[in-house]
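Notes follow the structure.
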Amino acid sequence: MSITPISTPLPGEQVLDLYPPDANGAAITWLRRPNLFAGRALTSATLDQRSRWAAGHVVMRAQAFTPGVVDGLEVGYVVTPPPEGETRAAVQLHVAAGRGLAASGEDLWFARDVQADFYALPVVAPPDVFEGGGMPSGSPGSLVPRAIGPTLGELLTTNPGVLPPAGVLVLQPVSVDVADIDPEDPCDRCGCAEGNVSFEDWRLADAARLLWYAWPEEWQALPPAGARFRNAFAWSIFDAERMLDPDAVMPWEAFGVPVALIGVDANFVPTFTDRAAVTRIGGRAQISRLQSATLATGAIAMNPKPRAAPLWQAQIEQLAGQIADLGDPAPPADTLALSFGRLPPVGLLPTNCFDLTSHASGFFPAGFDLDAVPVPLEQLDLAVREAAPLASLDFSLGERVRILVPVSQASWEPRLLTTEIIDPLFAQTLNGFLLDRSRALGARQGLRTTEAALQQLIDATPPAVPDISTDPDALEVESFAPWGPPPPNTGGHRAVTMSGTHQHFFDQATATITPAAGESLYAWVFLDPDNPPATLMLQWLSGDWEHRAYWGDNDIDFGVDGTASRIRIGDLPTLGQWTRVDVPAGVVGLEGAAITGMAFTLFNGRAAYGP
């Protein structure tokens, strides 16, 4: 073998280790490849060496990718009541088809869904537990060696109460040796000499099995029981993984690919499965992200963290998965908050966690400073990627949180969520201009009608007067709002501008009206906004004028206030626009009475009247 020195190293770059150390070391490891050529006799040892060399290169290649679940391998469970005469419920695990990559570089593949008895899982625990001892205790971070022992059901029977109420479901790569040998058949095993196995039919097969990795309490204590147990449990794992050395792995990863964190109750029946707490995205290229670390000397150094990106993704998925398990639709925001103490720096929350109108939240604690901004949907991935490396949000501290509201690129505007407060003077000025415009349009429409009438007198062919909303000469959509629309039909009359009480009226009508029971009298009115009256009164003649209704102030001293001779209907109609006012006939004593006259009375100002 040859060694090429690094002639121009980067600052701080140096050779840390060399494996194998020399040519002799390479000759006795799986890195040694047999030289196969035509005519060479192949022995069992040579074929084994070739297999080890090929497998070693596959493992080395696989270690260039992140360990974890590539796709699939989702875990679920079904609990059924215990059979007659038994106390323990039956629990069936379901593992979906998929692929995974172990930290050792070995790959696993389930071509179809797998069903497994939860209590038939082999247990990974310290050997003393299998002999009747208890779980070890130690300082945080220490780990007692573990072995694979009996099944979960057997251990719960022989050593009850010793296992912690949580564990990691691990998918372990194994190989199965199968040999169909009949000791009575001389063709299966030759009896000529002891140890002659030339007729043995061995078959080697790759396989995988599920293990129950009992939670290592001496390495990391379980959080207190309660509503936030699952959230605190997941974040204790995230914190421990964040502190790992670049080449270190989590304790359960030494046995295979973790596929779920499972919590159990006092009867050891599963209560939840948390996939993202222990499962990481596998099959991605290893990227050694640099992060700062404090050395024992107190100096700051940059350490590679190849696990950082999968860990950031897992934190986001853990939040989404736990919220999804709480039900659909999600519970109210204040109820949802009871299950969380820490959150990833970026994640997805139900819409009921933030009120876009009041910018308030029942989910985040009162000490949190919240604001909301719109973000184009096309840039949401970038925002998540930039925020993922930040520190987690702790509910026990005061934090500042920005709510990102995804919107389409076409509707995005920086102040989209800002509630604008319009100055009342601006609205008042704008309404004044709109009113002047509509009144001018109304005056123009009146001139057009007059012109048509005059044209009809000249040549008896009146031109068509276009409707205000369909005028072909209009540069924009025109309407009479807020001045109109004018009253239906044609005709009208108006008062003069005067101070005090003034009116105009008619009497001795030959075409009378007689309101029936329950009917109302009405008139269209337009109060001059530039010269508004203080009081609007309508009077009806039916034998006498003691039938009056008024709006606004009680300034006209006709009749007796509060009786049919002078009854107040309400406030003045809106100034500057046509409004229909209605009066029940019974209120002014006119049900069944013939009306022969009507008076239109004002106190100050001016008004116009329609039909």
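If the Cβ limit is 9 Å and pairs must be 6+ apart or interchain, which residue in segment 483-501 that is at pLDDT 75 or above pairs with which residue that is open to solvent by 60 Å² or more (accessible area, probe 1.4 Å) and not in a loop (DSSP other than H, G, I, E, B)?
Filtered contacts from segment 483-501: Ala495/Gln503.
Among the residues of segment 548-578 satisfying the criterion of being among the polar types (S, T, N, Q) and surrounded by fewer than 17 Cβ atoms within 10 Å (Cβ to Cβ), which is nearest to the chain's Cα centre (by Cα)?
If we filter segment 548-578 for residues that are among the polar types (S, T, N, Q), which is where we start, we get 554, 563, 565, 574, 577.
If we keep only those that are surrounded by fewer than 17 Cβ atoms within 10 Å (Cβ to Cβ) as well, we get 554, 563, 574.
Working: Asn554: 59, Thr563: 63, Thr574: 46 Å.
In this case the residue turns out to be Thr574.
If we keep just the residues of segment 590-600 that are out of contact with any Ser or Thr (no Cβ under 7 Å at 6 or more places or on another chain) and buried (at least 17 other Cβ atoms within 10 Å of the Cβ), which is nearest to Gly500 (Cα to Cα)?
Per the criteria, the residue is Phe600.
Quick check on segment 247-265: of everything there that is assigned to a loop (DSSP other than H, G, I, E, B) and open to solvent by 50 Å² or more (accessible area, probe 1.4 Å), which residue is nearest to Leu393 (Cα to Cα)? I'd like the intermediate steps shown before the answer.
Residues of segment 247-265 assigned to a loop (DSSP other than H, G, I, E, B): 247-250, 256, 265.
From the residues that got through so far, the ones that are open to solvent by 50 Å² or more (accessible area, probe 1.4 Å) too are 247, 249, 265.
Numbers: Asp247: 28, Val249: 25, Asp265: 29 Å.
This residue is Val249.
So is Ala464 modelled with pLDDT of 80 or more and among the small types (Gly, Ala, Ser) or not?
Numbers: modelled with pLDDT of 80 or more: yes; among the small types (Gly, Ala, Ser): yes.
Taking the combined requirement at face value, the residue satisfies it.
Being open to solvent by 70 Å² or more (accessible area, probe 1.4 Å) and either at pLDDT below 85 or closer than 14 Å to Leu356 by Cβ (or both) is the filter here, so list the residues in segment 413-424 that pass it.
So in segment 413-424, the residues open to solvent by 70 Å² or more (accessible area, probe 1.4 Å) come out as 413-416, 419-424.
Glu413, Pro414, Arg415, Leu416, Thr419, Glu420, Ile421, Ile422, Asp423 - these are the residues of segment 413-424 that are open to solvent by 70 Å² or more (accessible area, probe 1.4 Å) and either at pLDDT below 85 or closer than 14 Å to Leu356 by Cβ (or both).
How do the helices (runs of 4 or more DSSP H) wholly within segment 307-396 filter down when requiring 2 or more residues that are buried (at least 18 other Cβ atoms within 10 Å of the Cβ) and among the small types (Gly, Ala, Ser): which remain? Can you show your working first?
Working: elements: 308-325, 333-337, 380-387.
Qualifying helices (runs of 4 or more DSSP H): 308-325, 333-337.
To keep it simple, each residue is scored yes or no on (1) closer than 27 Å to Ile287 by Cα; (2) under 35 Å from the mean Cα position of the chain (by Cα); (3) at pLDDT below 90; (4) not hydroxyl-bearing (Ser, Thr, Tyr).
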site	(1), (2), (3), (4)
Gly72	yes, yes, no, yes
Val75	no, yes, no, yes
Gln92	no, yes, no, yes
Val95	no, yes, no, yes
Gly100	yes, yes, no, yes
Val114	no, yes, no, yes
Pro122	no, no, no, yes
Ser142	no, no, yes, no
Gly149	no, no, no, yes
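Return the residue satisfying two criteria in turn: it lies in segment 520-530 and is open to solvent by less than 40 Å² (accessible area, probe 1.4 Å) and not in a strand (DSSP E or B), and of such residues it is farthest from Thr501 (Cα to Cα).
From segment 520-530, those open to solvent by less than 40 Å² (accessible area, probe 1.4 Å) are 521, 523, 525-529; that's our starting set.
Narrowing the set further to residues that are not in a strand (DSSP E or B) leaves 528-529.
Working: Asp528: 16, Pro529: 18 Å.
If we take residues in segment 520-530 being open to solvent by less than 40 Å² (accessible area, probe 1.4 Å) and not in a strand (DSSP E or B), then Pro529 is farthest from Thr501 (Cα to Cα).
Among residues belonging to segment 398-412 that are closer than 14 Å to Gln379 by Cα and of a type outside the set (Phe, Trp, Tyr), point out the one that is surrounded by the fewest Cβ atoms within 10 Å (Cβ to Cβ). Quick ask: steps written out before the conclusion?
In the first step, residues of segment 398-412 are kept if they are closer than 14 Å to Gln379 by Cα; the result is 404-412.
Narrowing further to those that are of a type outside the set (Phe, Trp, Tyr): 404-411.
Numbers: Leu404: 16, Val405: 13, Pro406: 13, Val407: 16, Ser408: 10, Gln409: 9, Ala410: 6, Ser411: 10.
Looking at residues that are closer than 14 Å to Gln379 by Cα and of a type outside the set (Phe, Trp, Tyr), I get Ala410.
From the residues in segment 590-611 that are over 60 Å from the mean Cα position of the chain (by Cα) and among the small types (Gly, Ala, Ser), which one is farthest from Asp530 (Cα to Cα)? Lay out the reasoning, then the answer.
Of all residues in segment 590-611, those over 60 Å from the mean Cα position of the chain (by Cα) come to 590-604.
Subsequent filtering for residues that are among the small types (Gly, Ala, Ser) retains 592-594, 597, 599.
Values: Gly592: 39, Ala593: 38, Ala594: 37, Gly597: 29, Ala599: 23 Å.
The extreme case among them is Gly592.
Quick check on my filter: what residues within segment 212-229 are open to solvent by less than 30 Å² (accessible area, probe 1.4 Å) and not hydrophobic (A, V, I, L, M, F, W, C)?
Within segment 212-229, Tyr213, Pro216, Glu218, Pro223 meet the criteria.
Among the numbered criteria (1) of a type in the set (A, V, I, L, M, F, W, C); (2) at pLDDT 90 or above; (3) surrounded by fewer than 16 Cβ atoms within 10 Å (Cβ to Cβ), which single criterion is violated by Leu171?
All conditions are met except number (3).
What tally of residues in segment 154-168 results from selecting those that are surrounded by fewer than 16 Cβ atoms within 10 Å (Cβ to Cβ), under 42 Å from the mean Cα position of the chain (by Cα) and closer than 23 Å to Ala208 by Cβ?
Summing the residues that are surrounded by fewer than 16 Cβ atoms within 10 Å (Cβ to Cβ), under 42 Å from the mean Cα position of the chain (by Cα) and closer than 23 Å to Ala208 by Cβ in segment 154-168 gives 0.
If I go through segment 601-611 residue by residue, how many of them are open to solvent by 40 Å² or more (accessible area, probe 1.4 Å) and either outside any strand (DSSP E or B) or not aromatic (Phe, Trp, Tyr) (or both)?
Initial filter on segment 601-611 (open to solvent by 40 Å² or more (accessible area, probe 1.4 Å)): 603-604, 606, 611.
Narrowing the set further to residues that are either outside any strand (DSSP E or B) or not aromatic (Phe, Trp, Tyr) (or both) leaves 604, 606, 611.
Qualifying residue count for the region: 3.
Which of the residues belonging to segment 579-589 are open to solvent by less than 20 Å² (accessible area, probe 1.4 Å) and more than 13 Å from Trp551 (Cα to Cα)?
The initial filter retains those residues of segment 579-589 that are open to solvent by less than 20 Å² (accessible area, probe 1.4 Å), namely 581, 583, 585, 588.
Across segment 579-589, the qualifying residues are Ala585, Val588.
Table: residues versus (1) open to solvent by less than 30 Å² (accessible area, probe 1.4 Å); (2) out of contact with any strand residue (DSSP E or B) (no Cβ under 6 Å at 6 or more places or on another chain); (3) closer than 21 Å to Tyr77 by Cβ.
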{"residue": "Glu106", "(1), (2), (3)": "no, no, no"}
{"residue": "Ala120", "(1), (2), (3)": "no, no, yes"}
{"residue": "Pro126", "(1), (2), (3)": "yes, yes, no"}
{"residue": "Gly132", "(1), (2), (3)": "no, yes, no"}
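How many of the residues in segment 77-125 are under 16 Å from Asp206 (Cβ atoms), among the charged types (D, E, K, R) and in a strand (DSSP E or B)?
The total comes to 2.
The values are calculated or read from the model by the stated rules, or taken from the named source; none is laboratory data. Note that the structure is a prediction, hence the values are computed from the model and not measured. When we count neighbours, we look across all protein chains shown, and the Cβ atoms used for this are built from the backbone with ideal geometry, even at glycine. Protein only, heavy atoms only, side chains kept; ligands, DNA and RNA dropped before computing areas. Shrake-Rupley method; radii C 1.70, N 1.55, O 1.52, S 1.80 Å.
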